[in-house]
Number of protein chains: 2
Amino acid sequence: MTTDYRQMWADLGIDLERHDALLGALPPIYQKAYLSQRNRPIGMQFFDFVVGDIHGIRVQELRQHAMNGGKVVATYCVFVPEEIVLAADAIPVGLCAGTQFSVPIAEEILPRNTCALIKSSFGFKLGRICPYVQTSHLIVGETTCDGKKKMFEILAEYHPVHIMEVPNKKSQSSRDLWRGEVAAFKEVIEKLTGNEVTGEGLARATKLVNERRRALQRLYNTRQARPVPISGKDALLVTQVSFYDDVARCVQQVNALCDEVEGRIAAGEGVFPADAPRILISGSPMAIPNWKLHHLLETAGAVVVCEESCTGTRAFSDLVAENGGTVQEQLRAIADRYMQIHCACFTPNDERLDDIVRLAREYQADGVVHYNLQFCHTYANEAVKVERALAEEGIPLLRIETDYSDEDAGQLRARVDAFLEMIRG
Amino acid sequence: MTTDYRQMWADLGIDLERHDALLGALPPIYQKAYLSQRNRPIGMQFFDFVVGDIHGIRVQELRQHAMNGGKVVATYCVFVPEEIVLAADAIPVGLCAGTQFSVPIAEEILPRNTCALIKSSFGFKLGRICPYVQTSHLIVGETTCDGKKKMFEILAEYHPVHIMEVPNKKSQSSRDLWRGEVAAFKEVIEKLTGNEVTGEGLARATKLVNERRRALQRLYNTRQARPVPISGKDALLVTQVSFYDDVARCVQQVNALCDEVEGRIAAGEGVFPADAPRILISGSPMAIPNWKLHHLLETAGAVVVCEESCTGTRAFSDLVAENGGTVQEQLRAIADRYMQIHCACFTPNDERLDDIVRLAREYQADGVVHYNLQFCHTYANEAVKVERALAEEGIPLLRIETDYSDEDAGQLRARVDAFLEMIRG
């Protein structure tokens, strides 16, 4: 930590003392979860660096952009179309929401029976310990779930917030509503930045974000190999960092990592034994730095081969059609791609059941762990149908509901061990 | 209980043994909560009778209608436009969701961290202990909250379900979506019943339902008097029964009750001392037979003068404009009236804050009890702003989060006593 950053944090209104405590807590956690892993791809060093400087260089880039008159647009959710933000020469940044550290701060205001992700994100703002949100000119929220939807109303008292309405159904009229929301979002971003969103700008942004999606798809595909050439923890981190790092840099780094990892596959090199139980995780998103479940599974001898979640396949599954056209046509293509996210906020959401079964097959998963954050009604309820779908396919399932605390670590470890034993047996 | 009903229940697929236990549990509860009250209006005897025969005559009426080829449409939520059901000569019936009895049954399938109302309603169907749902040909659900939205997906495996999408915002495009949902609902009902919904039929139904709304408004207005001429418990019961009783009969009974109660006001007669603390309850709905909070407050010496909830003012606050016109115009008037419900599923929902403050003034409330069911994210989060709004007005507030069980009775009683003491002091 250099003095430069400290001044920058102070200028951003960061509570330095609290922030010091947050940053102080991270290295031992990262050492234990990440740096202790063996035979990691060299390409992961970039991501280790990013985490080691997590509130440094990237924040400085955003701040520089702001000082040059640019805007920073913060988001929490994969539904917010980054392409529009980029087309207006603004920088989109996904916010942290994955640590227990900020949860007690949020509980001073939010109901306790709220999922940890919501509490953590709110606590970062309320406690003034996140320089990313402090650099942002606008937070874009959405109406995916009740907890978030209502939290944003309170957050709006602390920071400018724009809410996009994500519909509840996938009907034609719901689609029309969403297209309208995307068009309205473009106008909000134009007004914020003072820049016009042109067809050219959209096409350029769409191409760039698609490149990142392709890069992440490429990375995920490598995990179908046996033995697995990269740990689930590492892949998760790459996905998490992709939410807030510079898009072009991310594309470059992820592709470089893929080059190396594909080389490993060719050489038959893995980070886990070929017979390590292969696990597909499915459910609620895992915001950085939430590595709890992956760490649990991969220290128990399993390898996480895929994540069917918004910090996984749902983040990059589909590309936006790159057909160019008018601004309106491109916005429509963008809106339609985002409506394909199989989020549990939609009813019905049977496509997600199909995804889970398909991914389990493609990644040769020996078992699925369904993960929902406590108080997450959408994913908790979908677990009922997931259970049935997997039972019909003969795929073992472990249902886990948890939060960010360490309180249930022992209990979860016992359940994971039993599950893995059952799979191995 | 006559033999006739037993056969009817059996014909409806009711689990008779479980159902006997449910019906057996009700009389002592009703005795304790209702019949022990003093100086009740004579007009409440009709409602006592309804509860005493809760799965008897009304169910028989519905069944008779079905046997004559008519349809019964079950609902849980005030958003579902009864007018359309009635215009198609079908009978709308609000379903019970207010007892702990059916909760454990639901917990065999639904996540435990689900609000009691959702679990109770689901348990009634799963356990086959509700003849109302058994007589119904269709359940109409909606997307107001995550828990319900996702529960309906599972309920649809047990009973035909149609889902109406209630939007998340009150924007023009959200309104358009809702108008589309109401129009689609009409077609669903026409298909179900084989009856055309005509302008005439809609006008007649609208007029009738408006009469019930006026009757309930009239009843609620009597509670502004000091001393209060009817207990909150009794008013709540009347509102709860209005959800499933015959509309015309309800209009007649409620107006007769109002005649009597208005007479009491003229005579200065009350059911509580004039200086009893007057409480406005606001928040999550209280489905029949959930009388927990009212009983707690009114046995502690307070009187509940109003409920700002879907089993209160939100059920009847606004009338549908009776301008006649084409079917499309009338459907639009209906849709627009239902969009005026200040439900916490909307973001933002500042109108509800205004309602609470206004009602507190109109009903001369000495304090407000904000009530949300545990795991109800929408109302739990709105409590944050309600607290602030009431503090600014200098109106005392008690926030209660609870479920249907008796486990927290002692704790709640202590908090209520302390609150009332503070108010009195």
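The values are calculated or read from the model by the stated rules, or taken from the named source; none is laboratory data. Predicted model only: the values in this text are computed from it and were never measured. Reconstructed Cβ throughout: ideal geometry from the backbone, glycine too, with neighbour counts over all protein chains shown. Note: areas computed on protein heavy atoms with side chains; ligands, DNA, RNA excluded. Shrake-Rupley method; radii C 1.70, N 1.55, O 1.52, S 1.80 Å.
Quick look at the numbers
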| read-out | value |
| --- | --- |
| Calculated on alpha-carbon atoms, Rg and Dmax of chain B in Å | 20.6, 62 |
| Residue (of A:V386, A:Y404, A:L420) at the positive-pole extreme of the stretch A:358-425, dipole from beta-carbon charges | A:V386 |
| Summed buried accessible surface, chains A and B, 1.4 Å probe, nearest 100 Å² | 3700 |
| Cα-based shape type of the stretch A:157-206, given that a ≥ b ≥ c are square roots of the gyration tensor eigenvalues and the cut on a/c is 1.5 | oblate |
| Semi-axis lengths, Å, the stretch B:354-425, gyration tensor of Cα atoms, sqrt of 5 times eigenvalues | 21, 17, 9 |
| Among A:P131, A:I42, A:V209 - extreme Cα towards positive end, dipole of chain A, charges at beta-carbon | A:I42 |
| Under 5 Å, built H, 5+ apart or other chain: amide partners of A:L138 | A:V72, A:A74 |
| For the stretch B:148-254, size of Cβ-based charge dipole, Lys and Arg +1, Asp and Glu -1, in debye | 700 |
| With every protein chain in place, chain B: carbon and sulfur % of accessible area (1.4 Å) | 50 |
| Amide N proximity, the stretch A:343-363 versus A:E393 label position 7 Å along Cα-to-Cβ, cut-off under 18 Å | A:343-344, A:349-363 |
| Heavy atoms of A:D15: accessible area, 1.4 Å probe, square angstrom to 10 | 40 |
| Descending semi-axes in Å of the protein assembly as shown, equivalent ellipsoid built from Cα gyration tensor | 50, 29, 27 |
| Shielded residues, the stretch A:338-384 - accessible-area loss of 30 Å² or more between chain alone and all protein chains, probe 1.4 Å | A:T347, A:F375, A:H377, A:T378, A:N381, A:V384 |
| Long-range Cα-Cα pairs in the stretch B:267-425 (distance over 20 Å), rounded percent | 53 |
| Globularity index of the stretch B:48-177, i.e. its alpha-carbon radius of gyration over 2.2 N^0.38 Å | 1.10 |
| Set A:K149/B:K385; B:K149/B:K385; B:K149/B:K191; B:K207/B:K233; B:K119/B:K149; B:K119/B:K148 screened for pairs whose C-alpha atoms are more than 18 Å apart | B:K149/B:K385; B:K149/B:K191; B:K207/B:K233 |
| Virtual paramagnetic centre 7 Å along Cα→Cβ of B:A267, amide N under 15 Å, in the stretch B:217-234 | B:227-230 |
| Cα-centre dipole for chain A with unit charges at Cβ (Lys and Arg positive, Asp and Glu negative), debye to 20 | 240 |
| Theoretical gain in end-to-end length, A:R358 to A:Q31 [0.36 nm per residue, Cα-Cα removed] | 114.3 nm |
| Virtual spin-label span in nm between B:Q411 and A:E190, 7 Å along Cα→Cβ | 5.3 |
| Value of D in µm² per second that Stokes-Einstein yields for the stretch A:127-200, Kirkwood Rh from Cα pairs, at 10 °C (1.306 mPa s) | 114 |
| Mean residue ellipticity (222 nm) of chain B, computed from DSSP H runs ≥ 4 via -39,500 (n - 2.57), nearest 500 | -16500 deg cm²/dmol |
| Gap separating the Cα centres of the stretch A:364-425 and the stretch B:191-232, nearest whole Å | 48 |
| Spin-label model distance (nm) - B:M67 vs A:R175, 7 Å beyond Cα toward Cβ | 4.7 |
| Nearest-0.05 FRET efficiency for B:D275 and B:Q224, computed from C-beta distance (R0 25 Å) | 0.95 |
| Label geometry 7 Å along the beta-carbon vector: B:R175 inter-copy distances in nm | 2.6 |
| Options B:C250, B:C306, B:F152, ranked by Cα towards positive dipole end of chain B, top entry (Cβ charges) | B:C306 |
| Shape of the stretch B:228-307, Cα gyration tensor, a/c cut at 1.5 | oblate |
| Label-to-label distance, nm, for residues given as B:R112 and B:A256 (7 Å Cα→Cβ offset) | 4.7 |
